[in-house]
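One structure, as structure tokens, below. Some questions next.
The values are calculated or read from the model by the stated rules, or taken from the named source; none is laboratory data. Worth saying up front: this structure is predicted, and the values here are computed from it rather than measured. Cβ placement follows ideal geometry from the backbone for every residue including glycine, while neighbour counts extend to all protein chains displayed. Heavy atoms of the whole protein, side chains included, go into the accessibility calculation; ligands, DNA and RNA do not. Shrake-Rupley method; radii C 1.70, N 1.55, O 1.52, S 1.80 Å.
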Amino acid sequence: VYVQGERRPTTSNVRRAQIRHVVGQFDVDFVGDWREGSPLYRTSSRVRSALRRAAESTMTADHAALFTGLVIGDDAREPPEMINAFRSSGLSHLTAVSGQNVVFILAAASPLLRRLRPWWRWGATLGLIGWFMALTRFEPSVLRAGVMAMLASSSFLLGRPQSVVRLLAWAIAILVLVDPMLVWSVGFWLSTGATAGVCVVAPPLAERLSGPAWFRVPLAVTLGAQLGVLLPSWLVFHRLPLVSVPANLLAVPVAGLVMLIGIPGGLASAIVPPLAPLLMAPCTAGTRWVATVAYLAAAIEPSPGWAALGWLGVAIAVCALVIRHRWRRLSSDVPI
């Protein structure tokens, strides 16, 4: 594109702009000739526009903004009260595209990927991940998730599968070497911390908790993620919502469904607009449910002092469940 205008220094959100490699502002006086971008950016822009149109034609403005946030991390049109509600309820990570979104996009494409030979499947997988990263505008959280997925796919192809912790370490090292400014990104901190908590804390905690698997596993994953983001959440947002545990247990499974069917459903709705209300009905209901959980959880979130006492109670309860499970195992091992 050919433009004329005046360049001036950035005056607001300087640090945030620098993390995104923005070094100034530009006041445009004239726009001349322009040329379409690469096929990668053209297709990603068309998909973003199609998803936005499908959501806006079937949902309210607030829910449409939340839908695009859940599916592709486009939360720019969310109203301030919705942003505050998701932060206060500990659900703001749902609108930051991460590993869950990458897994769901690969799951949606798995029927086609499985038909390919190994090397072609690997190439198509990497290409799909790269396209999805472009679709989400290369946000720090999706960079972490995408690089981890690429490394996991490559190690599987070579017959040398690696532990998740090792993949996370390699992904962080590669990304920081390529873009050192990521070390100042709050989204990168939260994504890395949550992933580390889920990978390191959740598995052993799920084994030691008592109760059925449908209760133990989601609870362990939620507690592990909250432990992983404890420090950056407190330093940046000065809060660690107590309601985040029940809110995540209620919202994450439904948000996962929206993430899984959001892109195919939104694209199908854009192609056949008369069927949009029917095709988008599950996404509409799921988005409304996630928003309701966030608003209700934010409304009942206690003051910081009571929240600290509540987290102490959660820690005591988890320790009690672990001890109870260990006592039962020791008792069952005693010969009669």
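Go through the stretch 62-93 and give me each residue that's of a type outside the set (Gly, Ala, Ser), modelled with pLDDT under 85 and not in a loop (DSSP other than H, G, I, E, B).
Once the filter is applied, which keeps residues that are of a type outside the set (Gly, Ala, Ser), modelled with pLDDT under 85 and not in a loop (DSSP other than H, G, I, E, B), the stretch 62-93 yields only 93.
In the stretch 128-143, is there at least one residue being surrounded by fewer than 22 Cβ atoms within 10 Å (Cβ to Cβ), in a helix (DSSP H, G or I) and charged (D, E, K, R)?
no
Could you list all residues from the stretch 31-61 that are of a type in the set (Ser, Thr, Tyr) and not in a loop (DSSP other than H, G, I, E, B)? Full working, then the answer.
Going through the stretch 31-61, the residues of a type in the set (Ser, Thr, Tyr) turn out to be 38, 41, 43-45, 49, 57-58, 60.
Residues satisfying the conditions are 41, 43, 44, 45, 49, 57, 58.
Looking only at the stretch 156-170, count every residue that is more than 20 Å from the chain's Cα centre (by Cα), more than 17 Å from residue 130 (Cβ to Cβ) and in a helix (DSSP H, G or I) and tell me the total.
Of the residues in the stretch 156-170, 2 are more than 20 Å from the chain's Cα centre (by Cα), more than 17 Å from residue 130 (Cβ to Cβ) and in a helix (DSSP H, G or I).
Show me the helices (runs of 4 or more DSSP H) found entirely inside the stretch 171-228 where at least 2 residues are among the charged types (D, E, K, R).
On the way: elements: 186-200, 202-208, 213-228.
Output list reads 202-208.
Out of all the residues in the stretch 149-167, is one or more touching a Phe, Trp or Tyr at 6+ places or on another chain (Cβ under 6 Å), of a type in the set (A, V, I, L, M) and closer than 24 Å to residue 48 by Cα?
Scanning the stretch 149-167, I find no residue that is touching a Phe, Trp or Tyr at 6+ places or on another chain (Cβ under 6 Å), of a type in the set (A, V, I, L, M) and closer than 24 Å to residue 48 by Cα, so the answer is no.
Checking residue 107 against (1) surrounded by fewer than 19 Cβ atoms within 10 Å (Cβ to Cβ); (2) over 30 Å from residue 226 (Cα atoms); (3) among the small types (Gly, Ala, Ser), which test does it fail?
All conditions pass for residue 107, except number (2).
Scan the stretch 282-298 for residues that are touching a residue at least 40 places away in the same chain (Cβ under 8 Å) and of a type in the set (Gly, Ala, Ser) and jot them down.
291, 294, 297, 298
Out of 141, 153, report the one residue that is over 19 Å from the mean Cα position of the chain (by Cα) and among the small types (Gly, Ala, Ser).
Of 141, 153, the one residue that is over 19 Å from the mean Cα position of the chain (by Cα) and among the small types (Gly, Ala, Ser) is 153.
If residue 28 meets every condition in (1) touching a Gly at 6+ places or on another chain (Cβ under 9 Å); (2) over 30 Å from residue 192 (Cα atoms); (3) assigned to a helix (DSSP H, G or I); (4) open to solvent by 30 Å² or more (accessible area, probe 1.4 Å) apart from one, which number is that one?
Tallying (1) touching a Gly at 6+ places or on another chain (Cβ under 9 Å); (2) over 30 Å from residue 192 (Cα atoms); (3) assigned to a helix (DSSP H, G or I); (4) open to solvent by 30 Å² or more (accessible area, probe 1.4 Å), residue 28 fails exactly one: (3).
Further question on the same structure: So, in the stretch 248-281, how many residues would count as being more than 23 Å from residue 43 (Cα to Cα) and open to solvent by less than 60 Å² (accessible area, probe 1.4 Å)?
Residues that pass the stated criteria total 7.
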